[in-house]
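The values are calculated or read from the model by the stated rules, or taken from the named source; none is laboratory data. Values in this document were obtained by computation on a predicted structure and should not be read as measured data. As a convention, Cβ positions derive from the backbone with ideal geometry for all residues, glycine included, and neighbour counts pool all protein chains shown. With ligands, DNA and RNA removed, areas are computed over all heavy atoms of the protein, side chains included. Shrake-Rupley method; radii C 1.70, N 1.55, O 1.52, S 1.80 Å.
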Amino acid sequence: MDKNLYFDASSKKLQSSDYGLYATPVSPLPYVDNVIVRSYLLERPDGNVIIYNSSGISQTSQELDQKGVSGGLFLNHHHEGMFGKPDIDISIWIHENDRPKVNMPITNTYGKEEKIGGDLTIVPTPGHTQGTTSFLWDNGEYRFLFPGDSIWVQNGQWKAVLLSDGDRSAYLDSLETMKKLDFDFIVPWGVEEGSPAGYAISKDQKIEIFDEIIKRLEAGENY
């Protein structure tokens, strides 16, 4: 049975899952063909939050308002600023190192690992950008890792995204950090059209995925 996380890419509404996780409509990623991005609402007792910025937030602003987003919008890295401020009253968070590179009204910044309530952990994972930050959410039954662009699946292979202005050494350290985290699903920001939105990952798969990416980056490759 396929336990991966799927949402209908043609939907224009907020879509629910069995995990207290909701997905916005997709937005095409302008600089990569056939790649789409989503934002995710996490339903939490300590205040709902949205992970990742995309145009889908504005498209579903009324639905999001009804659910409430008192916890704010958490950006993984400054490239998400390309979609601008969502059409919704919400506080916006980003890592302090990426703050100068995003043209959005940032409300709060983070700079180190910290907990937001009892279920959400902010985990700085620089490398893709200086301020790239992952989020680990425990819904009480499963744990979800939101790595942004740090890792994703392309042509069926898990890859990193080391850019020309990225930091290879920091990226390798971040991959080791994520490898040690306890999670059941990986939910990247961008996915290829027709691919799952999130991937169910066993502990053995986790080690294999991260070890393979680390090996390639150590060998001088950029993915």
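When the residues of the stretch 123-167 are filtered to those that are of a type in the set (Asp, Glu) and closer than 20 Å to HIS79 by Cα, which remaining residue is least open to solvent (accessible area, probe 1.4 Å)?
The extreme case among them is ASP149.
Name the single residue that is nearest to the chain's Cα centre (by Cα) among those in the stretch 48-64 being small (Gly, Ala, Ser) and open to solvent by 10 Å² or more (accessible area, probe 1.4 Å).
My answer is SER55.
Could you list, in sequence order, all residues of the stretch 98-112 that are in contact with a helix residue (DSSP H, G or I) (Cβ under 9 Å, 6 or more places away or on another chain) and open to solvent by 60 Å² or more (accessible area, probe 1.4 Å)?
Of everything in the stretch 98-112, those that are in contact with a helix residue (DSSP H, G or I) (Cβ under 9 Å, 6 or more places away or on another chain) and open to solvent by 60 Å² or more (accessible area, probe 1.4 Å) turn out to be ARG99, PRO100, LYS101, ASN103, THR109.
For the stretch 70-87, name all the residues that are open to solvent by 10 Å² or more (accessible area, probe 1.4 Å), of a type outside the set (D, E, K, R) and farther than 18 Å from PRO30 by Cα.
SER70, GLY71
Taking the stretch 90-122, which residues are closer than 19 Å to HIS79 by Cα and free of Cβ contacts under 8 Å to residues at least 12 places away in the same chain?
The one that is closer than 19 Å to HIS79 by Cα and free of Cβ contacts under 8 Å to residues at least 12 places away in the same chain: PRO100.
One residue is enough: does the stretch 43-53 have a residue meeting the conditions farther than 20 Å from VAL187 by Cβ, touching a strand residue (DSSP E or B) at 6+ places or on another chain (Cβ under 6 Å) and hydrophobic (A, V, I, L, M, F, W, C)?
No: zero hits.
Where residues in the stretch 4-36 are within 14 Å of PRO196 (Cβ to Cβ) and β-branched (Val, Ile, Thr), which of them is surrounded by the most Cβ atoms within 10 Å (Cβ to Cβ)?
Out of the qualifying residues, it is VAL26.
Determine whether the stretch 172-194 contains at least one residue that is open to solvent by less than 40 Å² (accessible area, probe 1.4 Å), free of Cβ contacts under 8 Å to residues at least 40 places away in the same chain, on the phi < 0 side of the Ramachandran plot and within 15 Å of the chain's Cα centre (by Cα).
No, that holds for no residue.
Among the residues of the stretch 196-212, what is the count of those that are under 18 Å from the mean Cα position of the chain (by Cα) and either within 11 Å of ILE151 (Cβ to Cβ) or surrounded by fewer than 20 Cβ atoms within 10 Å (Cβ to Cβ) (or both)?
Within the stretch 196-212, residues that are under 18 Å from the mean Cα position of the chain (by Cα) and either within 11 Å of ILE151 (Cβ to Cβ) or surrounded by fewer than 20 Cβ atoms within 10 Å (Cβ to Cβ) (or both) number 7.
Report the residue count in the stretch 1-47 for those that are in contact (Cβ under 8 Å) with a residue 24 or more places away in the chain and part of a strand (DSSP E or B).
Adding up the residues that qualify gives 11.
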